Structure formats: C-alpha cells, structure tokens
Amino acid sequence: MKQFVDKELPELLDLLYEAALDPERWPAFFELMSKRFADAKGLLQFYDRMLGANSANLNFGTQPEFLKSFAEHYANANPYPTLAYGALPVGVVVRASRVVDEPTLATTEFYNDWMRPQAISPHHLGVVLQKNRRTMVLLGIAPDAVALRRAPDTYRKKLQLLTPHLSRAVEMNRVAARAGFAERALAVALDALPAAALMIDGSGRIFVANRLAEALMRDERVIRTDRCGTLMACRPQDSRALAAAIAAGMARLVPPCQPVTLMSTATGRRFLAWIGPSRRANDAAARQSCGGMRTVDRSDMVLVVVTSASKGMTVPAEAIASAFHLTAAEARLASALVAGRTLGEYAVAAGVSRNTARNQLADVFVRMGISRQTELVAKVVGTLGLAREANDD
C-alpha cells in the first residue's frame, strides 16, 4: 500500500483530473488503473433508473469482441444495477458478491456468457459513484482473479482511496458538458441577431461571440481581445469607455449606461456599443461548483451589441408603447430616437412641428422617469434589447 499511496496514486490522480477536464482522457486513466489493479477489467456505467436501462458506459481491459457484445446486448442484461446497487450508499466500495450472491449470479446469462469467459470473479469490486432519482453511476473493477483472492482488502482499500476523486471527476464532466451545451445554445441564439453580439463574463473575457462580432473584430478592427481574452476597443481612448460601460453593466446600473462610441481603425467608421446585463437567475441552484469548475451563470455576464453609428438600431414603437405605457405618437418618437434620428428629423418625417416634437419628448421623459435623451435610448435598449439593425446603405 505504501508504494500505491506514495507513487501510484498521484500518477493516477494526475490522469484522472485530466479526464475530468477532457473526457477523451478517460481511456488513458483507465489503462493505467488497469495496470495498478493487476491487469483489471472494468466498467464505468451510467444507468437510467427511470427507464431501467443502461444509458452510457466505458469499458476498460476488455477484449474487442466482448466490448461489441456488451454494447449490443449485455449492457442491459447486467444484473448489478437492477438487483441491488441502487440500495447501496454512495462512495462505499464493496465486493460484488455482496450485491448479487454467487448462486443468483450463476443463473444469469450475463455471468455465464460474458463474465465467466473473461475470468471475471463474482467477488470483483464495485462502488456507486453518484446516485439521484434519475441516474446512477457505477464502477465495477475486476483485478486478476488470483491476485484478488490473495489480497482482497488491499485492492478494496486502493479503490476506496480513489473513489472520492472518481466521483468528483464524473461530476466535473457533467458540469462541463452542461456548460458546453449552454455555450453552444447561446452561440446559436446570438447568431440569430442581425448585429455583432458578444456575451462577456464577470472577468471581462468573451464567453461567446456571434459571426458578425468575429467579422467586426477581423475586418473593421473596432474591438479586439488582449492576451487573456478580455474584450477591448482597438483605440485606447475607446477602450477605457468600453471597460467602464461593461463594469456598469456588471453592476446592473439602472438606467443602463448610454452606448459607447467606437471607431474602426481600419475604415474610420463609427460604431455604437450597447451594454446590457443579462437577467439574474431566480434559482440559487443555477450556480454550482465542483473541483473549480462552474456551470454557466448568465447573471455574471453582460451582452454587448455593436451597431453602425450611422444607422443605430430599431426597436418597434409598439413594443416601446407596451413596455413604458406611452401613446402611439410618443412611442414612435422614442423608436426614432433609438434608431439614431434627431428630433428635427423625426418632426419632418412625422409631419409635425419641432415644438410639437419637443412637447412629446417632454411627456415621454415624465412617463419614463428620465430627464435626458441618452437615458431614453439606454433605458429602451436595456429593457427591450435589439429588434433589428438597419442595413447599411
């Protein structure tokens, strides 16, 4: 045991936590584990308790023909999950014969046609790594039968030392997979926006960006990232204002900050960066951590939308009227200002006098509880977001 604790266990843990971060590293870990457990055969099995069926598995030390037959048939003929593992406590290593006794096992197809031809002992070791109402994760490991017979307690103790780390690695994989799914889903959602859009995490790094944002960084050179992946403007004077606006978005200032003006270092075109905090999750369970990894928490992020300053953005008047209880005329005025038109341009387009437009704007300020035009734009965008970006001429 001393050699295992001093040398072999640290080697195993190095590979195990690599697998926790990268599932493709599991085979390398199990290959070494097999060697450290007397050329053991083993199975990491994910069992759906609601369906009563195997949902996924990873075999190691098993010959290819047995791998194929397990996948095709024996995974769901395995008696261990169905008979007794569900009643075992999580994290306690036991002999498999405690779960399914030898006489009962000897009557099963799984033992006679799959275990016995591989010389897998009925007394091999097993442990429940995770268990909830829906899923159970099991590890079964069968050291060489002769070696196991000679030192059963030694192998049990070795596996018991590994067990909390195995449980943690499985959970880290689950968290990473869920975060990866959330990231992919978010990328799809941002790509549906007709404007450059990026989600920025709490440290200022880009969590995900849509194709238009990537093109903006590549072609217009309006925004970029530093070596740490932190979002910056290409011009230093713009970058300070952008960082301050993102910080304000993280702090959820109400009303939201006015847009930041950015300049393209490639074409000289002007752009506006609109910063809006994501909605806070109501469920405290939205934050979970395990081994230093964290699920995606949208409450720690801000959305950055970058539009052409010459066109601004369009938010439908109907949406503004509904959100802020404005009249139809007041909402049309607010929509025009958000789109980047001046008060005079709106008056001409609407066929009203400039004085009438001013009076309408004063009424809008009162209804929305603001006092400046920049606050109006920021409040509408912060509340309703982007409907669509007008096409460039």
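The values are calculated or read from the model by the stated rules, or taken from the named source; none is laboratory data. No experiment lies behind these values; they were computed from the predicted model shown. Here the Cβ is made from the backbone with ideal geometry for all residues, glycine too, and neighbour counts use every protein chain on show.
Only one of the numbered conditions (1) closer than 24 Å to residue 174 by Cα; (2) surrounded by 18 or more Cβ atoms within 10 Å (Cβ to Cβ); (3) modelled with pLDDT of 90 or more is not met by residue 28, and that is (2).
Take residue 179 and tell me if it is at pLDDT below 90, closer than 15 Å to residue 275 by Cα, in a helix (DSSP H, G or I) and among the hydrophobic types (A, V, I, L, M, F, W, C).
Values: at pLDDT below 90: yes; closer than 15 Å to residue 275 by Cα: no; in a helix (DSSP H, G or I): yes; among the hydrophobic types (A, V, I, L, M, F, W, C): yes.
No; evaluated as a whole, the condition is false for this residue.
Scanning region 22-56 for residues that are more than 19 Å from residue 125 (Cα to Cα), of a type outside the set (S, T, N, Q) and touching a strand residue (DSSP E or B) at 6+ places or on another chain (Cβ under 8 Å) yields 26, 27, 48, 49, 53, 56.
Residue pairs whose Cβ atoms lie under 6 Å apart, separated by 6 or more positions or on different chains, with the first residue in region 54-70 and under 14 Å from residue 27 (Cβ atoms) and the second in a loop (DSSP other than H, G, I, E, B) and not basic (Lys, Arg), are 61/40.
Residues satisfying the criterion are absent from region 132-139 (criterion: crowded, with 19+ Cβ neighbours inside 10 Å, within 19 Å of residue 65 (Cα to Cα) and either modelled with pLDDT of 90 or more or not basic (Lys, Arg) (or both)). Can you tell me which residue is modelled with the lowest pLDDT among those in region 35-69 that are hydroxyl-bearing (Ser, Thr, Tyr) and surrounded by fewer than 20 Cβ atoms within 10 Å (Cβ to Cβ)? Here the answer is 55. When residue 111 is tested against (1) surrounded by 15 or more Cβ atoms within 10 Å (Cβ to Cβ); (2) in contact (Cβ under 8 Å) with a residue 40 or more places away in the chain, just one condition goes unmet, and that condition is (2).
Within region 77-93, one or more residues are modelled with pLDDT of 90 or more, crowded, with 17+ Cβ neighbours inside 10 Å and over 30 Å from the mean Cα position of the chain (by Cα).
Taken together, the residues in region 18-75 that are touching a Phe, Trp or Tyr at 6+ places or on another chain (Cβ under 8 Å), of a type in the set (Gly, Ala, Ser) and in a helix (DSSP H, G or I) amount to 3.
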